[in-house]
1. May I ask you to list pairs of residues, at least six apart or on different chains, whose Cβ atoms are under 6 Å apart, with the first in region 49-72 being at pLDDT 80 or above and the second being crowded, with 23+ Cβ neighbours inside 10 Å and assigned to a helix (DSSP H, G or I)?
2. If only one of G382, G374, G457 is surrounded by 22 or more Cβ atoms within 10 Å (Cβ to Cβ), at positive phi and either touching a residue at least 24 places away in the same chain (Cβ under 8 Å) or not charged (D, E, K, R) (or both), which one is it?
3. Against the definition (touching a residue at least 12 places away in the same chain (Cβ under 8 Å), within 20 Å of G327 (Cα to Cα) and out of contact with any strand residue (DSSP E or B) (no Cβ under 8 Å at 6 or more places or on another chain)), how does M169 come out, yes or no?
4. Taking region 389-418 as the search range and keeping residues that are hydroxyl-bearing (S, T, Y) and open to solvent by 10 Å² or more (accessible area, probe 1.4 Å), which one is farthest from the chain's Cα centre (by Cα)?
5. Counting only residues that are closer than 17 Å to S445 by Cβ and open to solvent by 10 Å² or more (accessible area, probe 1.4 Å), give me the helices (runs of 4 or more DSSP H) lying completely in region 286-371 with at least 1 of them.
6. Please work out if I135 is surrounded by fewer than 20 Cβ atoms within 10 Å (Cβ to Cβ), assigned to a helix (DSSP H, G or I) and at pLDDT 80 or above.
7. So which residues in region 7-40 are crowded, with 20+ Cβ neighbours inside 10 Å and polar (S, T, N, Q)?
Amino acid sequence: MKTVDSTSAILREIGGVENIVSLSHCMTRLRFVLINDDTIDDVRVKNIAGVMGISRRGGQYQIIVGTDVSRFYADLMKLISVNDNADQLVLPKENLSERGKSLSIKQIGNAILDVITGTMSSLLPVLIGCGMIKIVILLLDLFNISTEYPTIKILSIISDTAFYFMPIMVAYSAAVRMKCSPLLSVATVSILIHPDLISMFTQGNSSFLTIPVVASHYASSVIPAFLIVWFLSIIEPIADKYISGWAKTILKPMLILLVCVPVSLILLAPLGNIIGSGIASVIISASQGSFSWLTLGIFSAVLPFFIVTGMHWAMVPYMISSMGTSGHESIVLPAMLAVNIGFSAASAAVAWKTKNTNLKAISISGFITAAISGITEPVIYGVALKLRKPFIATMIGSGITGIFIGVVSLKAYAFSVPSLVAILMFMKSSEYANLIYAVTAAVMSFILCFTMTLVLGWNDPED
C-alpha cells in the first residue's frame with residue numbers, strides 16, 4: 001500500500017505543518033497535538049485512503065490507520081522535512097496561548113491520561129519484544145530445558161531488560177511529551193536504579209542533609225519516573241530564564257540535578273511508589289473478592305470502549321507493576337485475550353456472511369490481524385463500529401468469557417498483546433492448567449462472539 005498520497009492529504013486536512021505542535025504514533029494511530037483542531041472536517045479525514053477512523057481525546061487528534069502506521073509516520077516525517085527515526089516529534093511553537101486558556105478539571109485529567117497513554121504506547125514495541133522472548137523461555141521450560149545454560153540465562157536477561165530499566169525508558173518518552181530535556185530526565189531518573197543507591201538502600205533508610213530518604217525498590221516502576229519528569233519540566237524553564245550564555249552549559253545541568261535528584265529521592269519517587277501500589281491494590285482487591293468473576297465479566301464487556309479511545313494502554317503501568325511484584329497479571333491481559341479473539345470472531349462472521357466484496361476483504365484482513373497479532377483497530381474501525389451490532393456482539397461474548405476467566409483466575413506470566421501467537425504467555429511449567437484455561441477462554445470467546453454477531457445481524461451495505 002502506497003501511503004504518500006494519503007499522508008499528503010492528512011497533512012493538508014489537519015492544517016499543514018504550521019498547525020502541528022507534536023506528532024507521535026502507537027501501534028495503530030497517528031497522534032497529533034495541534035494548535036487548532038476546531039476547523040478540521042472529520043468526514044474528509046475519514047475518507048482519506050487508509051484512514052479507518054479518528055478520535056479526539058486528551059488534546060490529541062488521533063488518526064487510526066492500522067498496522068501501516070509506521071509507514072504513514074515515516075512519510076509524514078519526510079513531508080515535515082525531519083530526517084530521523086524518532087517515535088515522537090515535537091515542533092517548536094511560539095504562540096500556543098489558545099491551548100492554555102481556562103483548563104477545566106476534565107481537560108487536566110484528559111491531559112494526564114494522554115501523557116501516560118502516549119508515553120506507554122511508544123514503549124510498546126520494546127515491551128512486546130521482551131515479552132515474546134519471555135514466552136520463548138517459558139516454552140523451553142515446558143520441554144524441561146535447564147535454565148542454567150548460559151544461552152538461556154542471556155535470553156532471560158534480554159527478556160527482563162526493558163522491564164528492569166522501565167524508569168529510564170519512561171523518563172525519555174515522557175520528557176519528549178512534556179517538552180523538557182530527555183537526557184537530563186534520563187540522568188535524574190537513572191539515579192533510582194544506580195547500583196550504589198540500591199546497595200545503600202539494602203542497609204535501610206538513609207538521609208540527605210539530615211532529611212530522611214526512605215529506602216525503596218524502583219526497578220520496573222513507572223509512576224515515580226512520571227512525577228520526576230513532570231517536576232523537571234517545571235524546573236528547566238526557570239533555569240533557562242535566569243541562566244544564559246556560557247553559564248547555561250555548565251550551571252544549568254548541575255543545578256537541575258542538584259535540585260531534582262534530592263527532591264526525587266525524598267519526595268517524588270516514594271510518592272510515586274505509594275500511588276502505584278495503591279492503584280494496584282485497589283484493582284487487585286476488586287478482582288479477588290467474592291464476586292471477582294462478575295468484576296472480570298463487566299471489565300471484559302466494557303474493555304472494547306477503552307480500546308476505541310486508546311485508554312487501555314494507560315493501564316500498562318499497573319500491568320508492569322503487577323508483573324514485577326507477583327510475577328503475573330490476572331485482570332487486563334486475560335480480559336484482552338477475550339476481547340481480541342472476540343473481535344476476530346465478529347470479523348470472521350461478517351466475512352462469512354456479507355455479500356459486499358469490499359467489506360468481505362476488510363473483514364478477512366481484520367480477522368487474521370486480530371487473531372494472529374492481537375491488533376484489533378482494523379476490525380473495530382473497519383467493521384465493528386461501522387456496522388455497530390458486531391461491536392455489541394463482541395461486548396456480550398467477551399463479557400461472558402470474562403466471567404469464566406474470573407472463575408478460573410486466569411493469569412498472564414509474560415507481557416505481550418494476547419493473541420493466538422502469544423497464547424503461551426499464559427503458560428507456566430508448574431501450572432499447566434492455566435494454559436488450558438487460556439485456550440478454553442479463546443475458544444469460548446470466538447464461538448460466542450461469532451454466534452452473537454450472526455444472531456444480531458447487521459445492515460449489509462451494497463457493493
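1. Partner pairs satisfying both residue conditions: M52/G66; M52/Y381; M52/G382; G53/Y381; I64/E377; I64/Y381; V65/F72; F72/T7.
2. Checking each option against the conditions leaves just G374.
3. Here the answer is no, as M169 does not meet what is asked.
4. S409
5. 292-309, 332-353
6. no
7. T7, S24, T28
The values are calculated or read from the model by the stated rules, or taken from the named source; none is laboratory data. None of these values were measured; they are calculated from a predicted model. Neighbour counts are summed over all protein chains in view; Cβ atoms, including those assigned to glycine, are modelled from backbone coordinates with ideal geometry. Areas reflect the complete protein model, heavy atoms only, side chains present, ligands, DNA and RNA absent. Shrake-Rupley method; radii C 1.70, N 1.55, O 1.52, S 1.80 Å.
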